[in-house]
Amino acid sequence: MRNYDSIRHVKGESYFIDDLRIPEGTLYGYVYYSPIAHGKILEIDFSKALQSKGVAGVYSAKDIPGENQIGGIILDENLFADEEVHFIGHPIAVVVADTYLHAKEASKKINAIYEKLKPVLDPREAAEKNLLIIPPRKFELGNVDKSWSECDYIVEGKTDSGGQEHLYLETQGALANITENGGIKISSATQGPTNVQRMISRVLGLPMSKIEVDVQRLGGGFGGKEDQATAWACMAALAAYKLKKPVKIVLNRQDDIRITGKRHPYSSDFKIGLSKEGKILAYEATFYQNAGAVADLSPAILDRTLFHATNSYFVPNVRATALSCKTNLVPFTAFRGFGGPQGIFVFESAIYKAAQVMNIEPAEIQKANLLIEGDEFSFGQKTYQCQAEKTFSQMESDFELEKIQQEINSFNDSNKLVKKGAAVIPICFGISFTTTFLNQASALVHIYTDGSINISTAAVEMGQGVNAKLKHIAAKTLNVDEARIKIESTNTSRVSNTSPTAASKGTDLNGFAVIAACNILIERLQKVAAAELGQDDFTKITFKNEKVFDEGEPTNLTFKDLVNKAYMKRISLTAQAFHSTPDINFDTKTNKGKPFAYHVYGAGIVEVTVDCLRGTYEVDAIKVIHDFGESFHKVIDQGQAEGGIVQGIGWMTSEELSWNSDGRLITDALSTYKVPDIHAMPKEMKIEFLKDSPNDFGPLRSKAVGEPPFLYGIGVYFALMNAMRAFNPNIEVKFDSPLTPEKVLLTLYGTDVGKGL
Amino acid sequence: MIEFILNNKHITADLPPTTVLLDFIRRESQLTGTKEGCREGDCGACTVILGSLDKSKLNYKSINSCLMPLADVHGKHVVTIEGISPQTNNPDELSPIQQAMVEEGGTQCGFCTPGFVVSTTNYFLNETKPEVSGAINSLGGNICRCTGYAGIIRAVEKSIEAYNKSEKKSNNYKRLIEARFIPEYFLEIPKRLKLIKKQQTKKKQAEFLVGGGTDLYVQRWEELVQTESQFVSNKNVSSEIKIEKGKIVLGGAATIQQILESKIFKKYFPSLASQLELFGSLPIRNRATVAGNIVNASPIGDLSNILLSLDASVHLAGKSKRVVPLRKFYLGYKTLTKKKAEIIEKISFAIPPKHFFFNFEKISKRTYLDIASVNTSIALVAKNGKIESAGISAGGVAPIPLYLTKTCEALVNKEIKTDLLKSVVQVAAEEISPISDARGSAEYKRLLLRQLIYSHFILLFPEKINVEELL
């Protein structure tokens, strides 16, 4: 199975936004943004910038012909700050010039006077001041208040998990041009082409039909281009519209890190109650989500925190409350896992602390509470084809969990300064947009007279391999060679009203739409073949390996012949089809329903080594049993799992976002924000595909793969904690990720030692 | 005029010599396989291979094209991803490395991929006995944010298999060509490079003197491309590492990678090579110079830290020549005793005597390709457990690369034992003034320096130190 995107990638022939051959006279936009976290714009003067070398125009809020509004879920996000600025990086204007450097030079000549206001940076402080994006959300099951009295152990605690910069290697960008009907044609690096189309239409006051958005591929998205690619596209479109010239905006790396949203930092409180046998009887949690300055996707992310608040465990009594707190930081946004990892980190921390109090291994609690078939989640859905116990027990036996623990113990007995630790992490992740209406997609399939095939869908390729997967699905459905098929760019003029490629749902939704479109074409071709072969019942015609069969017997007809015959008989060789996920619903008033088509399960074990003299560490191994359903592209699926895991490890270890008290991000470059490099890879990584897990709700019985493996990375935190406790059993166990070498050392020796020196 | 060969094409460029090579490749030549990821040499998406003639021998090394002035490619061969791919009419034909990347899932979104392929190809250009660990080290400067390193490592293993299966030839380039790792045109490159005449440079007033550019182009590329500059490569600055009159002498233009590979350093500082792998990445080490690391005056410079412990001397050349001890070179944050017109010609320090002990420690958030939170070097002469002389430096704990004068005084003429260490770290603590920043809080840096001083002694004198008593 050849992956044609991969072939272009390894030859450097794939085009990303900045690689597109640009029309003559293309101008460059540079975004001018707020240097303060909170304040009023008292005065702003663009005159010097306008006179600067090469400048074609400077556009701000007052130049917008339509609405200055790009909020998706809530209308609270202006394209350009108007009277007030709410975070460092809040766009105020776009400067357009003949070169990038001229535009940037000119932006330095913009004169603005601000009245500084005190920024709020901490989500708990925001909650206290009632600065909430939406009213608090609450999921409940059973009766928590009554169940505390039945618990033998009640453990409470606080956790913090840091944000995460996407650091997609391709920065945000768009290339806009004007069309002859006064509309806009734009290439945008977005996961949500329709969202870009809708917002440009709103900003320019044009019908959506006049805006064409085209997406070839993204150099990484991870959620960071679901909602946040829109602003730059709108600015490029606005400038192109005003100047009637092509305009390109590509953010430089530092600006991209400074001014675009990231994974939400969370601060949370938990209370967990257990029986002395280790059964979890009750769980209560409050999540303070740091939403940043505007809503963006925060409300939907907040909900997913609640959907995954109990990870892959059954808890009969749950009360989980979540607050989306408005602060003066960048609008935090979608990032692989979409709030799920944040919720799961809290639950795993609760288990860890409970195990410490009960003086047992966390794995005992984990194992005793895994979901089984028919268990109910706090939002009312019941598990179906549940694989929690199966993956867990297979993990224990295949990877010899006991042996690993023994080896670690004997290593620790004979080493003073270097300690090892292990931790187990089961995962469970629901598949579907929890905003039910988004679970729709359509596909457009053209067969040309030479037998070559073009497929357009709503799916955006960003490294997850959706193009290769859709091609495989189509080839399998049509029974033709994959070489016939080309997956087209994602384009709003070919496929309308697209949902963003997100929620790990790209292949599921668009794959089913492709199957439906191919089936329409097959039926037409069957009819043509039946007529040709004198067969009365067209359903007796079948296709295999490009050949036509009649009642199971091979005929002389090939796929290519048949296509030609269909054309000569004036039969349409184009089909469009639509798919929506059946049987899902969610009532946001009662917070009950069946939001997910299915769940993905898995279990993993993580092993680490900590240098307790220096506070540094390595991940020795991570081994998982993962539920891929029936995988039909193992190379891609394995890559998604491996990549997701290492990204999760990064979130838990070296990826630290730090802001100063003014709200300025101080880790705003690759030199200070450290994502995993090749040396940070676990020395051993094993991805085992769970056997016999057909999925009734995925194309070719597969399961979605993008987000769930990210969750295994959470295990690293607890493995590190175990190694540290082997060095000093009396350390204060904090649940404060990422666990950087700094935090390791300060935890091992105490902050006072350094202060006392 | 700047002349060079870009892949298989002779280039004559009439552009400012400060032009960034990446921009030339992408904008002027429209070779968009080389990507811009960060413009600070921290992601490797822009990696290209630079071939230089040393006498008649052609050497290739990987560099970050985002930090490379056009001036420094004059007379050289620049190889981008387009120049590595098989030069045939079949768009799907791949080199064995490219093939392995496809088959093993070593590429996801594809943005970093050309950089990885280029770096891996460069590894094979320089290695006839390839090993996985060495190949991985050569990829230390390439970031894949899809974090698909597992697939990349499998592809590297497969590439090594393909190489090992190929037939040995009289020279490695011929072998690589026959095995389709590189196209045939590589064979003609030495001949073609010889035809390019040395650049004639006029003496101009210049704001900047560009060495390796690995920091200057990070901090100030926008100014650089609009300013007149001079280049160390056009001046007569030595890049030799040699022994002269009982001293080890480093030419100011010597690169970090040269030190790492130097036989002299391997002899006198056997542990240093692996520790210098923590300095930048291979493409950075290929360009970053000794003099650059010193004049940069970064409080967390790695080489300046090492040289401080060794009591190195800085040889300056201006209107006249003078020698300044490195320990007196730094006056304050980014302030030097050096006059603007002076340049560092060379650095020298005494050959380590008998009973010499040396160690370098560096801790950063990410082990590789990161800037230290704290680094420290120790150079001791100790006989029978008694310290005769001591040099300890510490980075990240003061506005300058710091020599711990009092700490060293407290060590001289003392017996090495646990108690001494406990008191010495208190002296060190009084000499430092760390601040909280992106690399850690002040209290962390204080604690960390203590730990690293402990670490020096635990490593060098394990039998003298009682670890349990210490911690």
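General remarks:
Per-residue answers, yes or no, for (1) more than 13 Å from chain A (Cβ to nearest Cβ); (2) at negative phi; (3) assigned to a helix (DSSP H, G or I):
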| site | (1), (2), (3) |
| --- | --- |
| B:THR147 | no, no, no |
| B:ILE152 | no, yes, yes |
| B:ILE160 | yes, yes, yes |
| B:ARG180 | yes, no, no |
| B:LEU193 | yes, yes, yes |
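- Note on the stretch A:271-329: residues that are within 19 Å of A:LYS367 (Cα to Cα) and among the charged types (D, E, K, R) total 3.
- Qualifying residue in the stretch A:45-52 (condition: buried (at least 18 other Cβ atoms within 10 Å of the Cβ), within 19 Å of A:VAL96 (Cα to Cα), within 29 Å of the chain's Cα centre (by Cα) and more than 14 Å from chain B (Cβ to nearest Cβ)): no
- Hey, B:LEU50 among the aliphatic types (A, V, I, L, M), farther than 20 Å from B:ASN8 by Cβ and within 18 Å of the chain's Cα centre (by Cα) or not: no
- Residue that is surrounded by the most Cβ atoms within 10 Å (Cβ to Cβ) [pool: residues in the stretch A:702-713 that are touching a strand residue (DSSP E or B) at 6+ places or on another chain (Cβ under 6 Å) and assigned to a helix (DSSP H, G or I)]: A:LEU711
- B:ILE378 satisfies every condition listed in (1) among the β-branched types (Val, Ile, Thr); (2) farther than 15 Å from B:LEU307 by Cβ; (3) touching an Asp or Glu at 6+ places or on another chain (Cβ under 9 Å) except (2).
- Answer from A:LYS262, A:LYS244 - the residue that is within 20 Å of the chain's Cα centre (by Cα) and at pLDDT 95 or above: A:LYS262
- Filter result (of a type in the set (Val, Ile, Thr), farther than 19 Å from A:SER580 by Cα and buried (at least 23 other Cβ atoms within 10 Å of the Cβ)) within the stretch A:441-479: A:ILE447, A:ILE453
- Strands (runs of 3 or more DSSP E) fully within the stretch A:407-514 counting 2 or more residues that are closer than 30 Å to A:ARG570 by Cα and either under 25 Å from the mean Cα position of the chain (by Cα) or not hydroxyl-bearing (Ser, Thr, Tyr) (or both): A:440-447, A:453-456, A:485-487
- Filter result for A:VAL480 (among the β-branched types (Val, Ile, Thr), touching a strand residue (DSSP E or B) at 6+ places or on another chain (Cβ under 9 Å), in contact (Cβ under 8 Å) with a residue 12 or more places away in the chain and within 14 Å of chain B (Cβ to nearest Cβ)): no
- Qualifying residues in the stretch B:100-154 (those that are among the polar types (S, T, N, Q), touching a residue at least 12 places away in the same chain (Cβ under 8 Å) and farther than 12 Å from B:LEU282 by Cβ) - the one surrounded by the fewest Cβ atoms within 10 Å (Cβ to Cβ): B:THR128
- Scanning the stretch A:99-118 for residues that are aliphatic (A, V, I, L, M), within 34 Å of the chain's Cα centre (by Cα), assigned to a loop (DSSP other than H, G, I, E, B) and more than 15 Å from A:ALA293 (Cβ to Cβ) gives no hits.
- Selection count where residues are buried (at least 20 other Cβ atoms within 10 Å of the Cβ) and basic (Lys, Arg), scope the stretch B:37-60: 1
- Subset of the stretch A:505-527 [buried (at least 24 other Cβ atoms within 10 Å of the Cβ) and among the β-branched types (Val, Ile, Thr)]: A:THR507, A:VAL514
- The residues in the stretch A:203-215 that are farther than 15 Å from A:ALA240 by Cβ and buried (at least 21 other Cβ atoms within 10 Å of the Cβ) can be counted, and the count is 1.
- In the set (1) more than 29 Å from A:SER631 (Cα to Cα); (2) away from chain B (no Cβ under 13 Å); (3) surrounded by fewer than 24 Cβ atoms within 10 Å (Cβ to Cβ), A:TYR717 fails one condition alone, (3).
- Pairs meeting the criteria (first residue in the stretch A:111-137 and closer than 10 Å to A:THR327 by Cα, second residue in a strand (DSSP E or B) and among the basic types (Lys, Arg), beta carbons under 7 Å, at least 6 apart or on different chains) are A:ALA126/A:LYS326; A:LEU131/A:LYS326; A:LEU132/A:LYS326; A:ILE133/A:LYS326.
- Boolean, B:LYS422 is modelled with pLDDT of 95 or more and not in a helix (DSSP H, G or I): no
- Scanning the stretch A:644-688 for residues that are among the basic types (Lys, Arg) and more than 9 Å from chain B (Cβ to nearest Cβ), we see that the one that is nearest to the chain's Cα centre (by Cα) is A:LYS686.
- Wholly enclosed strands (runs of 3 or more DSSP E) of the stretch A:17-70 bearing at least 2 residues farther than 19 Å from A:ILE249 by Cβ and of a type in the set (Val, Ile, Thr): A:39-45
- Strands (runs of 3 or more DSSP E) completely within the stretch B:282-370 that count 3 or more residues being more than 14 Å from chain A (Cβ to nearest Cβ), more than 22 Å from B:VAL237 (Cα to Cα) and not aliphatic (A, V, I, L, M): B:356-363
- When B:THR405, B:THR335 are checked against the criterion of being surrounded by fewer than 19 Cβ atoms within 10 Å (Cβ to Cβ), within 21 Å of B:SER298 (Cβ to Cβ), within 24 Å of the chain's Cα centre (by Cα) and touching a residue at least 24 places away in the same chain (Cβ under 8 Å), B:THR335 stands alone in meeting it.
- The set of residues in the stretch B:233-260 that are surrounded by 15 or more Cβ atoms within 10 Å (Cβ to Cβ), modelled with pLDDT of 95 or more and not in a strand (DSSP E or B) comprises B:SER239, B:GLY252, B:ALA253, B:ALA254, B:ILE256, B:GLN257, B:GLN258, B:ILE259, B:LEU260.
- Restricting attention to the stretch A:178-202, the residues that are surrounded by 21 or more Cβ atoms within 10 Å (Cβ to Cβ), part of a strand (DSSP E or B) and not hydrophobic (A, V, I, L, M, F, W, C) total 2.
- Some residue of the stretch A:90-98 being away from every other protein chain (no Cβ under 14 Å) and not in a strand (DSSP E or B): yes
- Any hit, the stretch B:24-44, residues being more than 9 Å from chain A (Cβ to nearest Cβ), of a type outside the set (Gly, Ala, Ser) and more than 23 Å from A:GLY219 (Cβ to Cβ): no
- Within the stretch A:737-747, restricting attention to residues that are hydrophobic (A, V, I, L, M, F, W, C) and more than 9 Å from chain B (Cβ to nearest Cβ), the residue that is farthest from the chain's Cα centre (by Cα) is A:VAL744.
- Of the set (1) more than 14 Å from chain B (Cβ to nearest Cβ); (2) of a type outside the set (Gly, Ala, Ser); (3) surrounded by fewer than 21 Cβ atoms within 10 Å (Cβ to Cβ), all apply to A:GLU24 but (1).
The values are calculated or read from the model by the stated rules, or taken from the named source; none is laboratory data. From a predicted model like this one, the values you see are computed outputs, not experimental measurements. In this analysis, Cβ positions are derived from the backbone assuming ideal geometry, glycine residues included, and neighbour counts consider all displayed protein chains.
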